[in-house]
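To start, the structure itself, in structure tokens.
Every read-out reported here was derived from the displayed coordinates using simple, explicitly stated rules and does not represent laboratory data. Here the structure is a predicted model, which means the values were calculated and not measured. Methodologically, a virtual Cβ is constructed for each residue, glycine included, from the backbone with ideal geometry; neighbour enumeration extends over all protein chains shown.
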Amino acid sequence: MTTFNLSWGDRPIALETVDGRTFLRLGSNLRVDVTDASLDQLDRLADVAADLADMQRDRYRAAEVADEVAAKDGHRFVGVPIQRGPVAA
């Protein structure tokens, strides 16, 4: 099995039907044939997509909380302070 990475950002996700076959279109570069997918597999796909959306919501909430804390402290950006060590002469 080959694994590859694809980043599609906010490009469209849609179902397509071509010549009696059904495809899940992810952006402009990936089309997955789901014509013969079982109901169990399609339900699992829906579950995974819901889990992914929950994870992204949690990331957004965490970023918002960090921004709010920084704003209350009068800081514009949140980051990890850097402690510089001794420099060789």
Point to revise | Nonlocal amide H pairs with T22, under 5 Å, H built at 1.01 Å | key: V34, T35
Check your understanding: How big is region 9-69 in terms of Cα radius of gyration and Dmax, in angstroms?
Key -> 16.0, 55
Check your understanding: Any idea how far apart L15 and D47 come out in nm if each label point goes 7 Å out from Cα toward Cβ?
Key -> 2.0 nm
Point to revise | HN-Hα J in Hz across region 15-22 - Karplus 6.51, -1.76, 1.60, θ = phi - 60°, x for Gly and Pro | key: 9, 10, 10, 9, 6, x, 10, 10
Point to revise | Inter-probe distance in nm under a simple model that places probes 7 Å from Cα toward Cβ, at N5 and S38 | key: 3.2 nm
